[in-house]
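Here's the structure we're looking at; comments come further down.
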Amino acid sequence: MVTDGGLETDMIFHHDVELPHFAAFPLLDSDRGRALLTGYYDGYAAIARRAGAGLVLESPTWRASPGWGARLGYSPAELARVNVGAIALLARLRDRYAASLAEIVLSGMVGPQEDGYQPGRSPSPDEAAAYHRPQIEAFATAGADMVSALTLTGTGEAIGIVQAARAAGLPVTISFTVETDGRLADGLSLAQAISEVDGHAGPDYFMVNCAHPTHIAPALAEPGLWRQRILGLRYNASAKSHAELDQATGLDDGNPRLLAGQHAQLAQLLPPVAVLGGCCGTDTRHVAALWAAGHQPRPDTPARG
């Protein structure tokens, strides 16, 4: 399954769009914003078409949760409208692509309660479930196929999101981000994080996002069946640390061909990977290179709701 790249960095650096708090969901509230989003997704549909793969359409709602929405002046009712509208946009795109793509999954994206690059206090599972429940329930109401939680930095929040998604009747994937040493921001190894979440409330599968292949590689040095739970990767274009990227004023979009080569080496340690795309700094060039490098679609792609 092809998925998209770094939506926010693409909009900021390639389309001159201001995104306060790195929030893309306000684009849904204007004709220009919706047109930009449509063109953005069209590019990844074309990659999936060329690759003979399916497509995971991720909603532009990484920041459309209560705390971040309030910072941007959105009330709970307005956030519910936006989250429903995001899935409605993806459903229209699915209709457009249906004749040329055999499998299209509509995924409602949630992000961390705190800043993924500067994580603060990690919420407990109960706190996280309560915080994320309104957004996840909006996705369920709108007919999303699944929930994806990206750029998580702690296990408590991951467990709570899984619980909220299960209560809403939706499949869910949990995607952690790692630092340059392959560990979560709190020092927990990726193996420990996946095992801990699985022990409390296992998601349908795990992903790793917002990290470069050279950052993920150290985590995979630890053997075990836990690695079989990672079915998706969304890479950063840059090998810089989160701290360095947080201070950067320009775009480091790396080298798409080099990124694809580094992925090919990493993929040898993760044979089950079925969902492949990009994160910060990437665009269609990077994702196309990843798929052109020989990534093949698998028959056991993520289930639709």
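GNM on the chain, alpha-carbon springs under 10 angstrom: the most fluctuating residue among Ala144, Ala86, Ala219 is Ala219. Taking N as the residue count of segment 173-253, its C-alpha radius of gyration divided by 2.2 N^0.38 Å amounts to 1.11. Calculated translational diffusion coefficient of segment 211-297 (37 °C, 0.692 mPa s; Stokes-Einstein with Kirkwood radius over alpha-carbon pairs) equals 247 µm²/s. For the chain, the spread of Cα positions along the three principal axes, ordered from largest to smallest, is 46, 42, 40 Å. Shape analysis of segment 120-234 yields a ratio of the Cα radius of gyration to the Kirkwood radius, Rg/Rh, of 0.97.
Mean residue ellipticity at 222 nm, helices only, the chain: -13500 deg cm²/dmol; runs of at least 4 DSSP H residues each add -39,500 (n - 2.57), and the sum is divided by the number of residues.
Starting from the Kirkwood radius over alpha-carbon pairs of segment 1-119, derive D by Stokes-Einstein at 10 °C in a medium of 1.306 mPa s and give it in µm² s⁻¹. Estimated diffusion coefficient is 107 µm²/s. For the chain, complete DSSP H runs whose alpha carbons reach 18 Å or more along their own long axis and whose mean Kyte-Doolittle score is -1.0 or higher are 31-51, 76-97, 125-142, 155-168. Along Cα→Cβ, 7 Å out, is where each label goes; now give me the distance between the ones at Leu225 and Asp186 in nm to one decimal. Label-label distance for Leu225 and Asp186, simple model: 2.5 nm. For Thr61, the residues whose amide H sits under 5 Å from its own are Met109, ignoring neighbours fewer than 5 places away on the same chain, with H placed 1.01 Å from N.
Distance from the Cα centre of segment 45-65 to that of segment 27-42, in angstrom? Result: 14 Å between the Cα centres.
When peptides 171-178, 203-210, 269-276 are sorted by average Cβ neighbour count within 10 Å, with the highest value leading, the order is 171-178, 203-210, 269-276.
Counting neighbouring Cβ atoms within 10 Å and putting the fewest first, the residues Trp226, Trp62 line up as Trp226, Trp62.
No value in this document is a laboratory result; all are computed from the given coordinates. Keep in mind it's a predicted model, so treat the numbers as computed, not measured. Here Cβ is always computed from backbone atoms with ideal geometry, including for glycine, and neighbour counts include all displayed protein chains.
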